[in-house]
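Please read the structure below before turning to the comments.
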Amino acid sequence: MAWFKYKNKNIWYDERGAGQPLLLLHGNTASGRMFDAVAELYIRDFRVITIDFLGHGRSGRIERFPADLWFDEAMQVVEFLRQRACGKVDIIGTSGGAIVAVNVALEAPELVGKVIADSFEGEAPPAEFAGSIVVEREASKQAPAFYIYNHGADWESVVDNDTRAIEEHYRTIGKFFHRSLDELKVPVLLTGSRGDEYVPSGFFERTYGDMLAKIPRGTMHLFDEGGHPAMLSNAEEFAEVARQFFKETVIRKIEGDYPYNLLLQADETREGIDQYLFDSQVWVARVAERDEPVGVMCLLPRDADTVELMNIAVDEPCRGRGIGGKMIEEAVRIAASEGYREIILGTGTEDCALAQIRFYERHGFRKSHLRENYFVEKYPDEPIFENGVQMRDMQVLKRDL
């Protein structure tokens, strides 16, 4: 453990492990100690760095937190990375730390590899959050163990300082980022728990979906279980998602030598695939440990405004590593860069393909319309069954670009 200087104040940091640096950024009223219970999940793969933001934990105290709190904390991180000459670091920020992480990526992309932004409010604080913060903080003081663990004897002044800053930010600034999200140059994964007790049902789907419409290289992963923040309440699963996100996956366009073994995992017959394959852009995903492609997708133009994702598949041994999500977001990026206004795709209806629909919704897609009897008419001789249910209608989903 050590300290670095920011505006003549000491800021505490710690480094453990070896390998690619991974910076963990804590939330409001917390410190680097909030990661004590989960750090071992990352140390075996990364050089884990934690920081106590100025005025928190073991860092120097200040009389008053700035209203632009999350931006100032981002500047603390930028100063640390420049002083330490860490090269490009990957970052996980959780709760308020997620806002800091995105600000770092926007302001100093040359210092950042990839970012996971976990369990936060989006681009601006919701009115109901700002309006209830004082009452909630006062209530939380009745059980101060978390605050004491993170800050020590002066925990209450830290909490009050943070509360004042949040109130002032809402009144005078009202947005978290100084730059537009479409300026983000690094890959970003947005995460959260559907059971997060601080947001209403469906909040992350809507809020993150809106953000992903702007982020050039963004994706989303929501956990069905757990509370706030997802990084702690889904600790082991979250760590695995993070490891796979930070591992390199390369997606490239190909012409010829198409991987039918993968294409046939998402479509029934080679003849059916050939009906759209040769008019499509075909992209494959590769990972370092495999010589052959592990994923494929086909983008078929429908008209000047619309492109359809006709086929997307990931080889079964490589599933669960976030490759499909990366391919979806790459498809969105490609479509947007080529001037399309929307991207659509088709899958089964909820009675037989609920998991697939939820996957696409996590990546910003919304239900559009049904193609009635699509699977019955396309495969009249061999009915298709999914999860024991015959597929009849196609559910079309779309994402505006």
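Within the range 1-47, the only residue that satisfies the criterion of being of a type in the set (K, R), assigned to a loop (DSSP other than H, G, I, E, B) and over 17 Å from E73 (Cβ atoms) is R44.
Can you pull out the helices (runs of 4 or more DSSP H) entirely within the range 59-174 that have at least 1 residues that are touching a strand residue (DSSP E or B) at 6+ places or on another chain (Cβ under 6 Å)? Step through it out loud before you land on a result.
Values: elements: 69-84, 96-107, 127-140, 145-151, 155-172.
Here the list reads 69-84, 96-107.
Would it be correct to say that E136 is touching a residue at least 12 places away in the same chain (Cβ under 8 Å) and either within 17 Å of G32 (Cα to Cα) or of a type in the set (D, E, K, R) (or both)? First the steps, then the outcome.
Numbers: touching a residue at least 12 places away in the same chain (Cβ under 8 Å): no; either within 17 Å of G32 (Cα to Cα) or of a type in the set (D, E, K, R) (or both): yes.
Answer is no for this residue.
So that you can scan it fast, the table gives a plain yes or no per residue for (1) modelled with pLDDT under 95; (2) of a type in the set (D, E, K, R); (3) closer than 30 Å to D160 by Cβ:
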{"site": "W3", "(1), (2), (3)": "yes, no, yes"}
{"site": "K7", "(1), (2), (3)": "yes, yes, yes"}
{"site": "D45", "(1), (2), (3)": "yes, yes, no"}
{"site": "Q76", "(1), (2), (3)": "no, no, yes"}
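Return yes or no: is F204 part of a loop (DSSP other than H, G, I, E, B) and buried (at least 16 other Cβ atoms within 10 Å of the Cβ)? So that I can check it myself, show each step before the final result.
Working: part of a loop (DSSP other than H, G, I, E, B): no; buried (at least 16 other Cβ atoms within 10 Å of the Cβ): yes.
Answer is no for this residue.
Of the residues making up the range 370-401, not one is surrounded by fewer than 13 Cβ atoms within 10 Å (Cβ to Cβ) and touching a His at 6+ places or on another chain (Cβ under 6 Å). Assess whether I357 counts as being under 26 Å from T191 (Cα atoms) and surrounded by 15 or more Cβ atoms within 10 Å (Cβ to Cβ). Against the criterion (under 26 Å from T191 (Cα atoms) and surrounded by 15 or more Cβ atoms within 10 Å (Cβ to Cβ)), I357 qualifies.
Close Cβ contacts (under 8 Å, 6 or more residues apart or on different chains) running from residues in the range 42-62 that are more than 11 Å from G19 (Cα to Cα) to residues that are assigned to a strand (DSSP E or B) and basic (K, R) comprise L54/K9; S59/K9; G60/K9; I62/K9. Among the residues of the range 319-341, those identified as over 18 Å from the mean Cα position of the chain (by Cα) and surrounded by fewer than 18 Cβ atoms within 10 Å (Cβ to Cβ) are S337, E338, G339, R341. Does L189 satisfy being closer than 16 Å to A117 by Cβ, out of contact with any Lys or Arg (no Cβ under 7 Å at 6 or more places or on another chain) and assigned to a strand (DSSP E or B)? Answer is yes for this residue.
Return the total of residues in the range 294-303 being in contact with a strand residue (DSSP E or B) (Cβ under 7 Å, 6 or more places away or on another chain) and surrounded by fewer than 22 Cβ atoms within 10 Å (Cβ to Cβ). So the answer is 3. Just one of (1) under 30 Å from K141 (Cα atoms); (2) free of Cβ contacts under 8 Å to residues at least 24 places away in the same chain fails for G256. It is (1). Taken over the range 239-273, the criterion of being among the acidic types (D, E), out of contact with any helix residue (DSSP H, G or I) (no Cβ under 9 Å at 6 or more places or on another chain) and either farther than 30 Å from V48 by Cα or part of a helix (DSSP H, G or I) (or both) is satisfied by E255, D257, E271. For the range 216-245, what are the residues that are β-branched (V, I, T) and touching a Ser or Thr at 6+ places or on another chain (Cβ under 8 Å)? The one that is β-branched (V, I, T) and touching a Ser or Thr at 6+ places or on another chain (Cβ under 8 Å): V241. Only one of the numbered conditions (1) at pLDDT 95 or above; (2) within 29 Å of F203 (Cα to Cα); (3) surrounded by 18 or more Cβ atoms within 10 Å (Cβ to Cβ) is not met by T306, and that is (3).
For (1) within 25 Å of E121 (Cβ to Cβ); (2) surrounded by fewer than 24 Cβ atoms within 10 Å (Cβ to Cβ), each residue gets a yes or a no:
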residue: N8; (1), (2): no, yes
residue: D14; (1), (2): no, yes
residue: L25; (1), (2): yes, no
residue: V38; (1), (2): yes, yes
residue: G60; (1), (2): no, yes
residue: R64; (1), (2): yes, yes
residue: K88; (1), (2): no, yes
residue: S95; (1), (2): yes, no
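Just so you know, in the range 342-354 the residues that are out of contact with any Ser or Thr (no Cβ under 8 Å at 6 or more places or on another chain) and farther than 18 Å from G218 by Cβ include one that is surrounded by the most Cβ atoms within 10 Å (Cβ to Cβ), and it is G348. Residues in the range 184-198 that are buried (at least 22 other Cβ atoms within 10 Å of the Cβ) and closer than 17 Å to L212 by Cβ: L184, V186, P187, V188, L189, L190, T191, G192.
Condition check: without any contact (Cβ under 8 Å) to a residue 60 or more places away in the chain and among the small types (G, A, S). Does G272 satisfy that?
No, not satisfied.
Looking at this structure, is G131 surrounded by fewer than 22 Cβ atoms within 10 Å (Cβ to Cβ), over 19 Å from the mean Cα position of the chain (by Cα) and not basic (K, R)?
On the way: surrounded by fewer than 22 Cβ atoms within 10 Å (Cβ to Cβ): yes; over 19 Å from the mean Cα position of the chain (by Cα): yes; not basic (K, R): yes.
When the stated conditions are applied, G131 passes them.
Of all residue pairs spaced 6 or more apart or on separate chains, those with beta-carbon atoms under 7 Å, a first member in the range 186-197 that is under 19 Å from A101 (Cα atoms) and a second member that is of a type in the set (S, T, Y) and part of a strand (DSSP E or B) are L189/T219.
The values are calculated or read from the model by the stated rules, or taken from the named source; none is laboratory data. What you see is a predicted model, and the numbers here were worked out from it, not measured in a lab. Please note: Cβ atoms are built from the backbone with ideal geometry, for glycine as well, and neighbour counts cover all protein chains shown.
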